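Read-outs throughout are calculated quantities, based only on the coordinates presented, and are distinct from any laboratory measurement. The shown structure was predicted, so the numbers you read here are calculated from the model rather than taken from an experiment. Cβ atoms come from the backbone with ideal geometry, glycine included; neighbour counts cover every protein chain shown.
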Amino acid sequence: MEKKKTFTLINDQTGESWIFPVAEGTQGPGAIDIRTLFARTGHLTLDPGFTSTASCASAITFIDGEKGILQHRGYDIRDLAEHSTFLEVAYALLYGDLPNAEEKRVFEKDITYHTMVHEQIHTFFRGFRRDAHPMAIMCGVAGALSAFYHDSLDIWDPRQREISAHRLIAKIPTLAAMSLKYMLGQPFVYPRNDLNYAENFLHMCFAVPAETYRPSAALAKAMDKILILHADHEQNASTSTVRLAGSSQANPFACIASGIASLWGPAHGGANQSVLEMLKQIGHKNNIPKFLAKAKDKDDPFRLMGFGHRVYKNYDPRAAVLKGSCDAVLDELGVEDPMLDLARELERIALEDDYFIKRKLFPNVDFYSGIILKAMGFPSEMFTVLFAVARTVGWISQWKEMIEEPNHRIGRPRQVYTGSAFRPVVPLRERSGAKKEGPPIL
Ligand code: SDX
């Protein structure tokens, strides 16, 4: 019988020791199960940014950062991007396997017939200024969906969980397209049931009442592939936000709104918009050395946007697929974009630079996505919204997996306290103006 793997922790001052079991997955690193650590040792673990902490066990997505591998339910991201549709990937994330033809037909129908939003939601948009960032609008209107479905939602009822998941996958693209139309000052375009998911989204974004619009097959295919590449990514910041919000038993609409808020940050999903702003700032390949020097300067907050990743210490496979698609999509659209050559030259120089090589900093999913989205006609403010459209599938799949985990508990991290020890309240008239020194930096 194979001996179970364990780790022993020893207190070097007292000589006490404790044995902890190891939780092994089907692939990737195992984890030392420390859930009894505080009760047994009176000590916590400290891991700001969670660089060495697994928050959960999950069967949805596997990443091997050293090898640059990304799999959803065991299917490699390159295969999925090449041979499946976004809704097939959504089905696999939600239910565990790619669908057969009948399962695919039923799922597509379910999603298609949930794409309209309550007419009252149109009025929510009217409250925003036209120059509001579409992510600000999405944070608001996605959360507002709770007001329309919260009363009919029992998160412990599998069928109601499934309906909520279908509603979110179907309605977030509609809200996203509405946020674009509102920004442009154009009328909202209703979803159409005769179009597939990607075609319908493009139609709601780019159709105008003055003429008929039908997205080209190539544009719809490119949109569908971009959605696949952004669908899920293990326990990233926004997914962890959704899980933590969901652990309090908040309704899934509110949880997705929290994920949208977290994704907006330029260190996360907001990076795709920041990459384009950075490329505009660099302007010409002659300026690349100056900006690389800024990126390496610890006193300069500038970072090379679209580069680096907490998990990938190799080329992000999604960036590789997007880089490969750039030429085809731009040619198909008849778009010449000097930003693409600039991005490629920036990547070439950075990947030859010791600073980036030593830190294993490679292009991530955000480095090339903006160039394709810009060529497709999206303003850069919409890039993170499109990321949220795709990631809604990952978020709701992870939320569902968490709720269905029999022993799941509310997420409640602890802390190391570095503030003042107990002190009595001094009456105002006796308080001096002296400033105390700051807390210790851990
Ligand atoms: C996404 O988690 C996910 O899976 C996210 C995501 C998903 O699909 O959900 O993949 C999507 O968010 C992709 C990442 C998009 N963000 C960016 O492109 C912003 C630029 N990248 C960095 O801000 C950074 O690389 C992070 C935030 C992505 C990762 O940060 P980490 O893991 O905390 O890395 P770090 O800051 O500890 O960096 C390690 C070293 C540091 O230097 P030293 O202190 O060792 O000297 O690398 C340096 C950093 O200064 N570094 C960079 C850099 N990224 C890291 N230096 C210059 N430019 C960069 N982009």
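When the GluC sites (Glu not before Pro) in the stretch 86-189 are filtered for DSSP coil states and for at most 11 other beta-carbon atoms within 10 Å of their beta-carbon, the remaining sites are GLU119.
Placing unit charges on the Cβ atoms of the charged side chains and taking the dipole of the chain about its Cα centre, the candidate lying farthest along the positive direction among TRP264, PRO413, LEU80 is PRO413. The GNM of the chain, with springs linking C-alpha atoms under 10 angstrom apart, assigns the highest mean-square fluctuation among GLY334, GLY306, GLY42 to GLY42. Ordered by the number of other Cβ atoms lying within 10 Å of each residue's own Cβ, fewest first, LEU333, LEU279 fall into the sequence LEU333, LEU279. In the frame of its principal axes, the stretch 1-138 has Cα extents of 67, 43, 27 Å, reported largest first.
Which of these, ARG129, ARG35, ARG161, has the largest mean-square fluctuation under a Gaussian network model of the chain (Cα springs below 10 Å)? With Cα springs under 10 Å in the chain, the top fluctuation among ARG129, ARG35, ARG161 is at ARG35. Residue farthest toward the positive end of the dipole of the chain, with Cβ of Lys/Arg at +1 and Asp/Glu at -1: which of ILE32, SER179, ASN100? Most positive-ward Cα: ILE32. Among GLN160, GLN186, GLN13, the residue with the largest mean-square fluctuation in a Gaussian network model of the chain, with springs joining Cα atoms closer than 10 Å, is GLN13.
Taking 0.36 nm per residue of sequence separation and subtracting the Cα-Cα distance, how much length would be gained by fully extending the chain between ARG359 and ILE32, in nm to one decimal? Walk me through the numbers before you get to the answer.
On the way: separation 327, 0.36 × 327 = 117.72 nm, distance 2.62 nm.
Length difference between fully extended and current span is 115.1 nm.
Each of LYS4, LYS294 was scored by other Cβ atoms within 10 Å of its Cβ. Arranged with the fewest first, they read LYS4, LYS294.
Using the beta-carbon distance between ARG129 and SER380 and R0 = 22 Å, what value does 1/(1 + (r/R0)^6) give for FRET efficiency, to the nearest 0.05? Calculated transfer efficiency: 0.75. Kirkwood radius, the stretch 319-442, all distinct C-alpha pairs, inverse of mean reciprocal distance: 20.5 Å. Each part gets one Cα centre, and for the stretch 329-363 versus the stretch 261-298 those centres are 12 Å apart. Just so you know, the Rg over Rh for the stretch 354-420 is 1.18, from Cα atoms, with Rh as the Kirkwood radius.
Give me SER17, SER247, SER164, SER380 sorted ascending by neighbouring Cβ count inside 10 Å, so fewest comes first.
Details: SER17 10, SER247 19, SER164 26, SER380 16.
Ranked by crowding around the Cβ, least crowded first: SER17, SER380, SER247, SER164.
The Rg/Rh ratio for the stretch 389-429, using Cα coordinates for both the radius of gyration and the Kirkwood hydrodynamic radius, is 1.41. Taking every DSSP helix (H) stretch of at least 4 residues in the chain, weighting each as -39,500 (n - 2.57) and dividing the sum by the residue count yields a mean residue ellipticity at 222 nm of -15500 deg cm²/dmol.
The residues neighbouring GLU336, those whose beta-carbon lies less than 15 Å from its own, together hold a net charge of -3 under the Lys/Arg +1, Asp/Glu -1 convention. Here's the picture: charge each Lys and Arg Cβ at +1 and each Asp and Glu Cβ at -1 in the chain, and of PHE20, ILE63, MET382 the one pushed furthest to the positive end of that dipole is PHE20.
Between PHE422 and LEU44, what's the calculated FRET efficiency when r is the beta-carbon distance and R0 is 30 Å? Round to 0.05. Mind showing how you got there, number by number?
Details: r = 21 Å, r/R0 = 0.69.
Efficiency, rounded to the nearest 0.05: 0.90.
For the stretch 6-14, backbone phi angles converted through the Karplus equation (6.51, -1.76, 1.60; θ = phi - 60°) give residue-by-residue couplings of 9, 10, 10, 9, 10, 7, 5, 7, 9 Hz, Gly and Pro being listed as x. A cut-off of 5 Å between modelled amide H atoms, ignoring neighbours fewer than 5 places along the same chain, links PHE307 with ASN364.
Suppose the chain between GLU345 and ASP331 were pulled fully straight at 0.36 nm per residue; how much longer would it get relative to their current alpha carbon spacing? Intermediate values should be presented prior to the final figure.
Working: separation 14, 0.36 × 14 = 5.04 nm, distance 1.94 nm.
Residue separation times 0.36 nm, minus the Cα-Cα distance, leaves 3.1 nm.
The alpha carbon radius of gyration of the chain, expressed as a multiple of 2.2 N^0.38 Å, is 1.08.
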